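Working notes, structure below.
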Amino acid sequence: MNKTIEVRNPRTGKFDYVIIPPPPKLLSQQCHRLRRGQIAWEEIGIKGRIAVLQQWKQAILAERQNLTDALVNDTGRLSVSVLEIDSVINSIDRWCNLAPQLLQPTAKNTSIPFIALQQAAVPYTLVGVISPWNFPFFLSNIDTIPALLAGCAVIVKPSEITPRFVAPLMTATNTVPLLRDVLNFVEGGGETGATLIEAVDSICFTGSVKTGRMVGESAAKNFIPAFLELGGKDPAIVLESADLDLATSAILWGSVVNTGQSCLSIERIYVAEQIFAEFYHLLITKAHSLKLAYPTVEDGEIGPIITENQAAIIKEHLQDAIDKGATIHCGGKVEELGGGWWCRPTVITNVNHSMKIMTEETFGPIMPIMSFATIEEAINLANDSIYGLSGAIFSESIELALQIGMQIDVGGISINDAGLTSMIQEGEKNSFKFSGLGGSRMGAASLQRFLRKKAFLIKTNTNKDPWWFSEE
Ligand code: NAD
């Protein structure tokens, strides 16, 4: 018998949902079924696959209300859940437009005039996707869509903390005959994830550095590629020349959206000393204008902290900062309301890099601010992190922002904005340092991760090659 997993509701604190992970034998049978389905999936070609994905889009739209309700119960927030569904729908269309040209075989000359090259690509048969709880629907599908279009079968294991959306999504998927042969979402926790890695040909993992390391090690043992998208501690740098009204609005959104439970949240802010006081006073005023989405989900912008573990981490980081002399200007505590855990937007000054709030991933609506005297100091502070996901720079001069951005060890930088890599997926980027491993998940390169390159080298004349054994 497999152990059931009880699922907590982040608004009420009640365990009101249960999942039953498949036993390893059943998971293995499901993987075999998907592998069989992949043969026909590859054969129908890109036009056929696009037609099927468009049917899936319609099926998701038909399930939209059930999906929204499930995501609200999973995460306790409404507007971000709606945004997640919209993003997946848009992503299906974007990839359907892009994929045909990316999958064209190309013919090329080689350095030898009588040898031609045809470059082809072969999809991995079965791709595994393991996803986290902070954007459960979006992050279960971000890799799934390009992998399917590349011609792979896909098995997805979403987080056991937010699994309620899987039922309506499977209802949608099961109405699309060819797709249900190559796409499955399985419920389960870490054990199921670990078993799944043993059964796939390539793995896309989004989650913590700690689990990512285990996933990377298992993949290395099996000689399969692992694409790891892990944690972050994104910095924002605000130069003296920045538009402060714009910078404070962008940073507030970038830090606090989804209650700060985003890998690319702005988690530390460095402001030029000349504008430091003006900056944080304006940020405090704007932070005060945001309300908790309590008692009803429609009430305000700030949803509950989704997991109890995350609430404990936020509490710990706040306490550590207070003990070491930080000043809290607003928010600043984790409170229990109606059984859920909540935290209001929090602005903190008198912080430094001896504090967890400046060095470890907090994943809360927390905006700790330090001043800097020189640009070099700002760059050093931004780079003083094990993480290298993304960041933001606010400056009147785009040229100067680009120069600074080149010196910051992260893969994506928003200029005069924050968190743009979550909204715009065209820009190719890698995750630097401990924030990840593998090819770009964003941009056209994303689809290439699911293909193995195959080179056809074709002799085009009937002469004997000069490097063959001499027959005289
Ligand atoms: P987590 O690492 O605890 O879990 C992620 C997934 O891994 C879950 O589905 C979990 O069941 C599974 N898992 C756990 N143990 C496993 C094992 N041994 N083998 C295989 N799978 C296993 O992460 P989380 O708490 O769900 O997510 C939050 C983290 O994700 C944060 O660090 C956040 O920054 C990161 N994240 C990164 C990105 C990105 O794009 N870089 C996006 C979102 C979240």
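Annotation note: Cβ proximity below 6 Å between a residue of the range 421-438 that is without any contact (Cβ under 8 Å) to a residue 40 or more places away in the chain and small (Gly, Ala, Ser) and a residue that is within 11 Å of the ligand (Cβ to nearest atom) and in a loop (DSSP other than H, G, I, E, B) (sequence gap 6+ or interchain) occurs for Gly427/Met442. Among the residues making up the range 352-370, those that are surrounded by fewer than 20 Cβ atoms within 10 Å (Cβ to Cβ) and either farther than 14 Å from Glu316 by Cβ or without any contact (Cβ under 8 Å) to a residue 24 or more places away in the chain (or both) are Asn352, His353, Ser354. For the criterion of being modelled with pLDDT of 95 or more, among the hydrophobic types (A, V, I, L, M, F, W, C) and buried (at least 24 other Cβ atoms within 10 Å of the Cβ), Ile386 fails.
Can you give me the number of residues within the range 241-283 that are in a helix (DSSP H, G or I) and either among the aromatic types (Phe, Trp, Tyr) or away from the ligand (no atom under 16 Å from the Cβ) (or both)? Quick ask: steps written out before the conclusion?
Initially, the range 241-283 is screened for residues in a helix (DSSP H, G or I), giving 244-260, 273-283.
Cutting the leftovers down to either among the aromatic types (Phe, Trp, Tyr) or away from the ligand (no atom under 16 Å from the Cβ) (or both) gives us 244-253, 273-283.
Residues meeting the conditions: 21.
Is there a residue in the range 136-153 that is under 21 Å from the mean Cα position of the chain (by Cα), surrounded by fewer than 24 Cβ atoms within 10 Å (Cβ to Cβ) and within 13 Å of the ligand (Cβ to nearest atom)? Looking through the range 136-153, at least one residue is under 21 Å from the mean Cα position of the chain (by Cα), surrounded by fewer than 24 Cβ atoms within 10 Å (Cβ to Cβ) and within 13 Å of the ligand (Cβ to nearest atom). Restricting the range 86-114 to residues that are over 20 Å from Ser422 (Cα atoms) and among the β-branched types (Val, Ile, Thr), the residue that is surrounded by the most Cβ atoms within 10 Å (Cβ to Cβ) is Ile112. The residues of the range 154-171 that are more than 14 Å from the ligand (Cβ to nearest atom) and assigned to a strand (DSSP E or B) amount to a single one, Val154. Scanning the range 373-383 for residues that are in contact with a helix residue (DSSP H, G or I) (Cβ under 7 Å, 6 or more places away or on another chain) and closer than 14 Å to Phe394 by Cα gives Ile375, Ile379.
Please enumerate the residues belonging to the range 304-321 that are within 16 Å of the ligand (Cβ to nearest atom) and either of a type in the set (Phe, Trp, Tyr) or surrounded by 21 or more Cβ atoms within 10 Å (Cβ to Cβ) (or both). Selection gives Pro304, Ile305, Ile306, Gln310, Ala311, Ile314, His317. Considering the range 392-444, the residues that are touching a helix residue (DSSP H, G or I) at 6+ places or on another chain (Cβ under 8 Å) and among the aromatic types (Phe, Trp, Tyr) include one that is nearest to the ligand (Cβ to nearest atom), namely Phe434. Contact map, the range 20-31: first residue assigned to a helix (DSSP H, G or I), second residue surrounded by 12 or more Cβ atoms within 10 Å (Cβ to Cβ) and among the hydroxyl-bearing types (Ser, Thr, Tyr), Cβ cut-off under 9 Å, separation 6 or more or different chains; pairs are Pro24/Thr192; Pro24/Thr195; Leu27/Thr192; Leu27/Thr195; Ser28/Thr195. Of the helices (runs of 4 or more DSSP H) lying entirely inside the range 37-142, those carrying at least 2 residues that are within 30 Å of Gly13 (Cβ to Cβ) and touching a residue at least 24 places away in the same chain (Cβ under 8 Å) are 64-75, 79-102, 136-141.
Taking the range 284-294 as the search range and keeping residues that are touching a strand residue (DSSP E or B) at 6+ places or on another chain (Cβ under 9 Å) and either under 13 Å from Met370 (Cβ atoms) or of a type in the set (Gly, Ala, Ser) (or both), which one is farthest from the ligand (Cβ to nearest atom)? That would be Ala287.
Taking the conditions (1) within 30 Å of Pro295 (Cβ to Cβ); (2) surrounded by 14 or more Cβ atoms within 10 Å (Cβ to Cβ) in turn, Leu337 satisfies each one other than (2).
Among the residues of the range 288-312, those identified as out of contact with any helix residue (DSSP H, G or I) (no Cβ under 6 Å at 6 or more places or on another chain), closer than 18 Å to Val257 by Cα and either outside any loop (DSSP other than H, G, I, E, B) or among the hydroxyl-bearing types (Ser, Thr, Tyr) (or both) are His288, Ser289, Leu292, Tyr294, Thr296, Thr307, Gln310, Ala311.
The values are calculated or read from the model by the stated rules, or taken from the named source; none is laboratory data. Predicted, not measured: the structure shown is a model, and the values here were computed from it. Glycine also receives a Cβ, built like all others from the backbone with ideal geometry; neighbour counts cover every protein chain displayed.
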